[in-house]
Amino acid sequence: MKYFKVLPFLFFLINLSAQDVEMQSYSFGEGLRFVGESGYNVRITGYAQPMSELKRINSEESNSSRYRMRRVRLRMDGQSSNERFKYRFQVDLSGVSEIGESDEDPLLDAYVDYALTNRISVKFGQRSTYTDNRELFMNSNSLQLVERSRLTSAFSSIREFGLFISGRFRAGRGSYLRPHFVLTNGDGKNVYSRDRGGLKIGGRLDYLPFGLFTNMGQFRQIDVMREQVPKLVVGVHYSKNNGMSSRRGRYSGRIIYLNANDQESLPDYTKYGVDFLFKYKGFSALGEYIKSTAEVPSDITKRIRNNGSISESFLVNEVQDVDSYVKGRMMLGSAYNIQMGYLFKNGFSIDSRYTHLIADENSFLNNETFYNRPNYYTLGVSKLLGRNYGFKVQASVTHVDGSLGINHDLDTNTPAIFEDEIIFRLITTISF
């Protein structure tokens, strides 16, 4: 059973009760911290996010709605008596992925962290990757709006298994450089079957001209700390996935191609982008741009259907075109996302976002059921209790541009209509 991966939490709690440990501190929304006589310490955090959603097509009399537990997360961060060794283990019991897909494996993070020096650390295991856009390695309970942007859901791989090397260096006049190197299997998270394709290699370079953010503010969206001096981080990232068997490298084995010898032959996927985060006295702004391309092997002759059968058909507009067919099943194109908001001293936050997707001629972004919606306009309001993320209520309304033609009924596969969607969302975050 997949939920057996939660057992390490139970074993840890049993182990705590059997040893001479004490609770060092508790801060609402920041978790419980335990320390032991030998010098190790552990922090346990968690939160739940019940959510409701209502979607409306302009000309439709009936609305669609759903109510669910969006996230139920438990996280354990530990440090051994040797301060160079750390670890993290995190699970989500909601069964919903970071971008809203259901029936997900609960394991999110499982890695060890070793500090080679005071400036360089090495992580090995599964975690969020630095080669995604900036929003993806910000905590889910610190989001400015109810959901992440459509740029994130379209292009991110979210979590991967591999090697992650990070540095932090002073660059003069209080500024910092933060380089990251990533080498992973390129198949996304929780890959327990065979590895497909080659490795994924990439990196990120962040520049902080005004120094470090307060209380890990670089990894949280709302400026709850109300930075007293301007804080800015600007970053660039690049990655190449050598042999990918899915639309964007998020899942392994979803899309398989073969050559004439029935050996797997998979396309390469390249992604790069630039982004920034700015905070000052309650105001925050996040901007992201991303672009993806693909290289299709010339020896592909067959494809494996979802039912396991093999086909030699690669028809695009009634013409056999392998290159266009393969690219048409991948997330290819570009996008940019800009969002900003202001947190008042009474705990209310007003936020806005605009996301624009630009699909390549041959790209799954043209799919009328799931994508083919170039513009997203979102307004949101939040109420936070206290100067952290312990409790907050958020509501948002999103106007989705359907002018390119969309299918709005997955059950009946209704022919495309050319009207807009309106999505109302409400979520509550309860942390300990």
- Provide a single number: the residues in the range 305-321 that are out of contact with any Ser or Thr (no Cβ under 8 Å at 6 or more places or on another chain) and not in a loop (DSSP other than H, G, I, E, B). 4
- Message: Can you find a residue that is modelled with pLDDT under 95 and either of a type in the set (Phe, Trp, Tyr) or touching a Phe, Trp or Tyr at 6+ places or on another chain (Cβ under 6 Å) (or both) anywhere in the range 203-215?
- Response: no
- Note on the structure: Among Tyr40, Tyr47, Tyr26, Tyr67, the single one that is hydroxyl-bearing (Ser, Thr, Tyr), under 27 Å from Val122 (Cα atoms) and at pLDDT 75 or above is Tyr40
- Scanning the range 254-280 residue by residue, those touching a residue at least 60 places away in the same chain (Cβ under 8 Å) and in a strand (DSSP E or B) turn out to be Ile256, Tyr257, Glu264, Tyr269, Lys271, Gly273, Asp275, Phe276, Leu277, Lys279
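Counting only residues that are basic (Lys, Arg) and on the phi > 0 side of the Ramachandran plot, how many does the range 199-257 have?
Residues flagged as basic (Lys, Arg) and on the phi > 0 side of the Ramachandran plot within the range 199-257 amount to 1.
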- Message: For the range 46-91, which positions are polar (S, T, N, Q) and either within 14 Å of Pro106 (Cβ to Cβ) or not in a strand (DSSP E or B) (or both)?
- Response: Asn58, Ser59, Ser62, Asn63, Ser80, Ser81, Asn82, Gln90
- Does at least one position in the range 335-357 carry a residue that is farther than 19 Å from Glu53 by Cβ, touching a residue at least 60 places away in the same chain (Cβ under 8 Å) and among the β-branched types (Val, Ile, Thr)? no
- For the range 376-401, what are the residues that are touching a residue at least 40 places away in the same chain (Cβ under 8 Å) and not in a strand (DSSP E or B)? Gly386, Arg387, Asn388, Tyr389, Gly390
- Message: Here is a list: Ile423, Ile358, Ile430. Which entry is assigned to a strand (DSSP E or B) and under 30 Å from Asn215 (Cα atoms)?
- Response: Ile430
- Can you find even one residue in the range 214-236 that is of a type outside the set (Gly, Ala, Ser), free of Cβ contacts under 8 Å to residues at least 24 places away in the same chain and out of contact with any Lys or Arg (no Cβ under 8 Å at 6 or more places or on another chain)? yes
- Query: Quick one: which of Leu183, Leu145, Leu177 is of a type in the set (A, V, I, L, M) and buried (at least 23 other Cβ atoms within 10 Å of the Cβ)?
  - Reply: Leu145
- Query: Does Gly188 satisfy the condition of being over 20 Å from the mean Cα position of the chain (by Cα) and either farther than 30 Å from Ile358 by Cβ or part of a loop (DSSP other than H, G, I, E, B) (or both)?
  - Reply: no
- Query: Going through the range 276-296 one residue at a time, which ones are within 21 Å of Ser252 (Cβ to Cβ) and buried (at least 17 other Cβ atoms within 10 Å of the Cβ)?
  - Reply: Ser292, Ala294, Val296
- Selection from the range 372-419 of residues that are crowded, with 18+ Cβ neighbours inside 10 Å, modelled with pLDDT under 90 and under 25 Å from Arg220 (Cα atoms): Asn388, Tyr389, Gly390
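Can you find, within the range 92-102, the residue that is surrounded by the fewest Cβ atoms within 10 Å (Cβ to Cβ) among those that are modelled with pLDDT under 90 and in a strand (DSSP E or B)?
Ser102
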- Note on the structure: Within the range 263-302, residues being farther than 30 Å from Gly380 by Cβ and either touching a helix residue (DSSP H, G or I) at 6+ places or on another chain (Cβ under 8 Å) or not charged (D, E, K, R) (or both) number 13
- So, of the residues in the range 148-174 that are more than 20 Å from Val91 (Cβ to Cβ) and of a type in the set (A, V, I, L, M), which turns out to be surrounded by the most Cβ atoms within 10 Å (Cβ to Cβ)? Leu151
- Message: Take the conditions surrounded by fewer than 19 Cβ atoms within 10 Å (Cβ to Cβ) and either within 30 Å of Gln339 (Cβ to Cβ) or under 14 Å from the mean Cα position of the chain (by Cα) (or both) and apply them to Asp105. Does it pass?
- Response: yes
- Query: Which members of the range 281-320 meet the condition of being of a type outside the set (S, T, N, Q) and at positive phi?
  - Reply: Lys281, Gly282, Gly308, Glu318
- If you go through the range 322-351 one residue at a time, how many are surrounded by 13 or more Cβ atoms within 10 Å (Cβ to Cβ) and part of a loop (DSSP other than H, G, I, E, B)? 6
- Task: Sort out which residues of the range 194-238 are part of a loop (DSSP other than H, G, I, E, B), crowded, with 19+ Cβ neighbours inside 10 Å and β-branched (Val, Ile, Thr), and write them in order of number.
- Result: Ile222, Val224
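Taking the range 340-399 only, how many residues are under 30 Å from Phe432 (Cα atoms) and among the β-branched types (Val, Ile, Thr)?
Total meeting the criteria: 6.
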- Of the residues Phe161, Phe181, which single one is more than 10 Å from the chain's Cα centre (by Cα) and farther than 16 Å from Leu205 by Cβ? Phe161
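The values are calculated or read from the model by the stated rules, or taken from the named source; none is laboratory data. This one's a predicted model, so the numbers in the text were calculated from it and none came from an experiment. Note: ideal-geometry Cβ built from the backbone for every residue, glycine included; neighbour counts use all protein chains shown.
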